[in-house]
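Throughout, read-outs are computed from the coordinates displayed, never taken from laboratory work. This structure is a prediction, so every number in the text was calculated from the model and none was measured. We place every Cβ from the backbone using ideal geometry, glycine too, and count neighbours over all the protein chains shown.
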């Protein structure tokens, strides 16, 4: 189940990058459109790489990692919503929540 969750989180991560790029390109005009549309996804990629990726150089504690992961993935959903794509927004939110839940399953000290 954890592999399915990790794959789902990866799809949600890709969706998040597309969503924030699309929002940046749509929300601003002229050069700012390109600056935000390219810069925002790059900034989010940097945060993800440093704090959330499997090979993170400065990994967060488990609880904080889950909270930041869900928050960033849901930002992707909000970005899709903001550009008028509610179906993609809902799909992004479902991928974020289900993927994170599945990837966390089996970790830690769980007792029946």
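When you go through 50, 20, 36 one by one, which is the residue that is without any contact (Cβ under 8 Å) to a residue 12 or more places away in the chain and surrounded by 13 or more Cβ atoms within 10 Å (Cβ to Cβ)? Step through it out loud before you land on a result.
On the way: 20 fails: without any contact (Cβ under 8 Å) to a residue 12 or more places away in the chain; 36 fails: without any contact (Cβ under 8 Å) to a residue 12 or more places away in the chain.
Every option except 50 fails the conditions.
Within segment 86-101, take every residue that is surrounded by fewer than 17 Cβ atoms within 10 Å (Cβ to Cβ) and more than 12 Å from the chain's Cα centre (by Cα) and give me the one that is farthest from residue 27 (Cα to Cα). Let's see the steps before the verdict.
Initial filter on segment 86-101 (surrounded by fewer than 17 Cβ atoms within 10 Å (Cβ to Cβ)): 86-87, 90-91, 94, 97-98, 101.
Then keep just the ones that are more than 12 Å from the chain's Cα centre (by Cα); that gives 86-87, 90-91, 98, 101.
Numbers: 86: 16, 87: 19, 90: 20, 91: 21, 98: 29, 101: 32 Å.
Here the residue is 101.
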Just to be sure before I move on: is residue 12 out of contact with any helix residue (DSSP H, G or I) (no Cβ under 7 Å at 6 or more places or on another chain) and either on the phi < 0 side of the Ramachandran plot or free of Cβ contacts under 8 Å to residues at least 24 places away in the same chain (or both) in the structure I sent?
no
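Working only within segment 1-17, note down all residues that are over 20 Å from residue 86 (Cα atoms) and surrounded by fewer than 16 Cβ atoms within 10 Å (Cβ to Cβ). Spell out the reasoning first.
Within segment 1-17, the subset over 20 Å from residue 86 (Cα atoms) is 1-7, 10.
Listed by number, the residues that qualify are 1, 2, 3, 4, 6, 7, 10.
Would you call residue 77 loosely packed, with under 13 Cβ neighbours inside 10 Å, under 12 Å from the mean Cα position of the chain (by Cα) and part of a helix (DSSP H, G or I)? Steps first, answer last, please.
Values: loosely packed, with under 13 Cβ neighbours inside 10 Å: no; under 12 Å from the mean Cα position of the chain (by Cα): yes; part of a helix (DSSP H, G or I): yes.
No, not satisfied.
Of the residues that make up segment 96-105, is at least one under 16 Å from residue 6 (Cα atoms) and not in a helix (DSSP H, G or I)?
Yes, there is a match, as at least one residue in segment 96-105 is under 16 Å from residue 6 (Cα atoms) and not in a helix (DSSP H, G or I).
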Of the residues that make up segment 53-61, is at least one part of a helix (DSSP H, G or I) and either exposed (fewer than 14 other Cβ atoms within 10 Å of the Cβ) or touching a helix residue (DSSP H, G or I) at 6+ places or on another chain (Cβ under 9 Å) (or both)?
no
